[in-house]
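Participant: For reference, the structure I am asking about is given below.
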Amino acid sequence: MMTLSEMAVDVLTTADGREKTAKSHAHAAAWRAAREAGTPIEIGSASPPLRPSRPDRPELLDPREVPKRKPGSPQGRIALLHAVAHIELNAVDLHWDIIARFTEVPFPPGFYDDWVRAADEESKHFNLMCDCLEELGSHYGALPAHAGMWRAAEDTADDLMGRLAVVPMVLEARGLDVTPGMIDLFRKAGVDSAVAALETIYAEEVGHVAYGSKWFHFLCGRHELDPRDVFHSLVRKYFHGALKPPFNDEKRAEAGLPLDFYWPLAEESGKA
Ligand SMILES: [Fe+2]
Ligand SMILES: [Fe+2]
């Protein structure tokens, strides 16, 4: 029987996207079944790779070299779905990585329930995006993709609170801001499969941001830290981009992200 950490490393070291997500689903199902049976799988400990395995395609480029897309054209819509597929594949690895990388920090089992569920959902999201691409005559790997996607994970490989602040509470929260506009774009183009897939993604991503906020606050409580101040200093330390409005304040609130967490950071980056 594999430990949960070994399952995580198994996913991280699998390169092919469909194969990676099949393992992710299978391990998540095993974790859930064991929890429901009252015989939970051990967390164990393992050495996750600094970077997860990736397929030969897509070619990974510096974001400045990724060709700009015209969102109104069929090719632009394919490029957009391809970019989301790439984000989802990275998200699968990010959630398994947080499970395997910080096993020395004690947590109640709910911490692992949440990240296993998030990883399972990201695996579904990746496959939904691949299915949409294939329906439009393309596939994941057909276009170049963003090379910088794993940077936040490397920067926070030794800092769990930094990881929670930057990955779910900044990067995944950004997804809540931009997804409604993407859904509109595909609705106007009459691509129903992409509308349905993006609506699923949008609904489930609220949960991932909420898990981030929940466990960030949990750790702040354990160490008697002020959550807002610590969030600001960790984002300044580890996040290299700007927090850009417009923000989806309503969905962010639903996910446990108060206004005073992100607005001050947007204002100091001069974009507000
Ligand atoms: Fe996702
Ligand atoms: Fe997510």
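The values are calculated or read from the model by the stated rules, or taken from the named source; none is laboratory data. All of these numbers come straight from a predicted model, not from anything done at the bench. Note that we place each Cβ from the backbone using ideal geometry, even for glycine, and neighbour counts take in every protein chain shown.
Participant: Would you point out the residue of the range 58-91, among those that are within 14 Å of ligand 2 (Cβ to nearest atom) and of a type outside the set (Val, Ile, Thr), that is nearest to residue 209 (Cα to Cα)? I'd like the intermediate steps shown before the answer.
Facilitator: Applying the first criterion (within 14 Å of ligand 2 (Cβ to nearest atom)) to the range 58-91 yields 84-91.
Still in the running and of a type outside the set (Val, Ile, Thr): 85-86, 88-91.
On the way: 85: 19, 86: 19, 88: 14, 89: 17, 90: 16, 91: 12 Å.
Only one residue tops the list, namely 91.
Participant: Among the residues of the range 227-246, how many are closer than 21 Å to residue 152 by Cα and not in a helix (DSSP H, G or I)? Spell out how you get there, then give the answer.
Facilitator: The initial filter retains those residues of the range 227-246 that are closer than 21 Å to residue 152 by Cα, namely 227-245.
Now narrow it down to the ones that are not in a helix (DSSP H, G or I): 239-245.
Total satisfying the criteria: 7.
Participant: Now a separate question. Please count how many residues of the range 198-251 are among the small types (Gly, Ala, Ser) and either over 16 Å from the mean Cα position of the chain (by Cα) or over 16 Å from residue 176 (Cβ atoms) (or both).
Facilitator: If we filter the range 198-251 for residues that are among the small types (Gly, Ala, Ser), which is where we start, we get 203, 207, 210, 212-213, 221, 233, 241-242.
Now drop any that are not either over 16 Å from the mean Cα position of the chain (by Cα) or over 16 Å from residue 176 (Cβ atoms) (or both), which leaves 221, 233, 241-242.
Residues in the range 198-251 being among the small types (Gly, Ala, Ser) and either over 16 Å from the mean Cα position of the chain (by Cα) or over 16 Å from residue 176 (Cβ atoms) (or both): 4 in total.
Participant: Sticking with this one: State whether the residues of the range 187-206 include one that is more than 16 Å from ligand 2 (Cβ to nearest atom), closer than 23 Å to residue 116 by Cα and buried (at least 20 other Cβ atoms within 10 Å of the Cβ). So that I can check it myself, show each step before the final result.
Facilitator: Taking the range 187-206 first, the residues more than 16 Å from ligand 2 (Cβ to nearest atom) are 187-196.
Among the residues that remain, those that are also closer than 23 Å to residue 116 by Cα are: none.
The answer is no; no qualifying residue exists.
Participant: When you scan the range 92-111, do you find a residue that is under 15 Å from residue 214 (Cβ atoms), modelled with pLDDT of 95 or more, small (Gly, Ala, Ser) and within 15 Å of ligand 1 (Cβ to nearest atom), even just one?
Facilitator: No, because not a single residue in the range 92-111 is under 15 Å from residue 214 (Cβ atoms), modelled with pLDDT of 95 or more, small (Gly, Ala, Ser) and within 15 Å of ligand 1 (Cβ to nearest atom).
Participant: Can you tell me which of (1) within 16 Å of ligand 1 (Cβ to nearest atom); (2) in contact with a strand residue (DSSP E or B) (Cβ under 8 Å, 6 or more places away or on another chain) is the one residue 84 doesn't meet?
Facilitator: (2) is the only condition that residue 84 fails.
Participant: Same structure, new question: Only one of these conditions is not met by residue 195: (1) under 22 Å from residue 105 (Cα atoms); (2) more than 17 Å from the chain's Cα centre (by Cα). Which number is it?
Facilitator: Failing condition for residue 195: (1).
Participant: Restricting the range 28-78 to residues that are acidic (Asp, Glu) and part of a helix (DSSP H, G or I), which is farthest from the chain's Cα centre (by Cα)? Can you show your working first?
Facilitator: Going through the range 28-78, the residues acidic (Asp, Glu) turn out to be 36, 42, 56, 59, 62, 65.
Filter once more, so that each one left must be part of a helix (DSSP H, G or I): 36, 65.
On the way: 36: 26, 65: 23 Å.
Step by step, filter the range 28-78, then rank; the result is 36.
Participant: Can you tell which of 253, 266 is of a type in the set (A, V, I, L, M, F, W, C), assigned to a helix (DSSP H, G or I) and surrounded by 14 or more Cβ atoms within 10 Å (Cβ to Cβ)? Give the derivation first.
Facilitator: Values: 253 fails: surrounded by 14 or more Cβ atoms within 10 Å (Cβ to Cβ).
One residue alone meets the criteria, 266.
Participant: Assigned to a helix (DSSP H, G or I) and in contact with a Cys (Cβ under 7 Å, 6 or more places away or on another chain): is that true of residue 194 in this structure? Please lay out each step first, then the result.
Facilitator: Values: assigned to a helix (DSSP H, G or I): yes; in contact with a Cys (Cβ under 7 Å, 6 or more places away or on another chain): yes.
So residue 194 passes the test.
Participant: Out of 120, 158, I need the residue that is assigned to a loop (DSSP other than H, G, I, E, B) and either within 23 Å of residue 212 (Cα to Cα) or modelled with pLDDT under 95 (or both). Which one? Write out each step before concluding.
Facilitator: On the way: 120 fails: assigned to a loop (DSSP other than H, G, I, E, B).
158 is the lone residue from the list that is assigned to a loop (DSSP other than H, G, I, E, B) and either within 23 Å of residue 212 (Cα to Cα) or modelled with pLDDT under 95 (or both).
Participant: Scan the range 208-218 residue by residue and report those that are of a type in the set (Gly, Ala, Ser) and either out of contact with any helix residue (DSSP H, G or I) (no Cβ under 7 Å at 6 or more places or on another chain) or away from ligand 2 (no atom under 11 Å from the Cβ) (or both). Outline the logic, then answer.
Facilitator: The initial filter retains those residues of the range 208-218 that are of a type in the set (Gly, Ala, Ser), namely 210, 212-213.
210, 213 - these are the residues of the range 208-218 that are of a type in the set (Gly, Ala, Ser) and either out of contact with any helix residue (DSSP H, G or I) (no Cβ under 7 Å at 6 or more places or on another chain) or away from ligand 2 (no atom under 11 Å from the Cβ) (or both).
Participant: If you take the residues in the range 131-148 that are surrounded by 21 or more Cβ atoms within 10 Å (Cβ to Cβ) and closer than 18 Å to residue 55 by Cβ, which one is farthest from ligand 1 (Cβ to nearest atom)? Give the steps one after another, and end with the answer.
Facilitator: At the first step, the residues of the range 131-148 found to be surrounded by 21 or more Cβ atoms within 10 Å (Cβ to Cβ) are 132-133, 140, 143, 145.
Filter again for closer than 18 Å to residue 55 by Cβ, leaving 133, 140, 143, 145.
On the way: 133: 15, 140: 14, 143: 19, 145: 15 Å.
So the residue we want is 143.
Participant: Being over 15 Å from residue 28 (Cβ atoms) and within 11 Å of ligand 1 (Cβ to nearest atom) is the filter; apply it to the range 112-130 and report the residue that is surrounded by the fewest Cβ atoms within 10 Å (Cβ to Cβ). Step through it out loud before you land on a result.
Facilitator: Taking the range 112-130 first, the residues over 15 Å from residue 28 (Cβ atoms) are 128-130.
Checking which are within 11 Å of ligand 1 (Cβ to nearest atom) leaves us with 128-129.
Working: 128: 21, 129: 26.
Restricting to residues being over 15 Å from residue 28 (Cβ atoms) and within 11 Å of ligand 1 (Cβ to nearest atom), the top hit is 128.
Participant: Further question on the same structure: Quick one: what pairs do we get from the range 50-72, first residue within 20 Å of residue 89 (Cβ to Cβ) and at pLDDT 95 or above, second loosely packed, with under 15 Cβ neighbours inside 10 Å and among the hydroxyl-bearing types (Ser, Thr, Tyr), C-beta under 8 Å, 6+ apart or different chains?
Facilitator: Once the first residue is within 20 Å of residue 89 (Cβ to Cβ) and at pLDDT 95 or above and sits in the range 50-72, its partners that are loosely packed, with under 15 Cβ neighbours inside 10 Å and among the hydroxyl-bearing types (Ser, Thr, Tyr) give 52/13; 53/13.
Participant: Being assigned to a helix (DSSP H, G or I), polar (S, T, N, Q), in contact (Cβ under 8 Å) with a residue 60 or more places away in the chain and within 16 Å of ligand 1 (Cβ to nearest atom) narrows it down to one residue among 200, 179; which is it?
Facilitator: On the way: 179 fails: in contact (Cβ under 8 Å) with a residue 60 or more places away in the chain.
Being assigned to a helix (DSSP H, G or I), polar (S, T, N, Q), in contact (Cβ under 8 Å) with a residue 60 or more places away in the chain and within 16 Å of ligand 1 (Cβ to nearest atom) holds for just one of 200, 179, which is 200.
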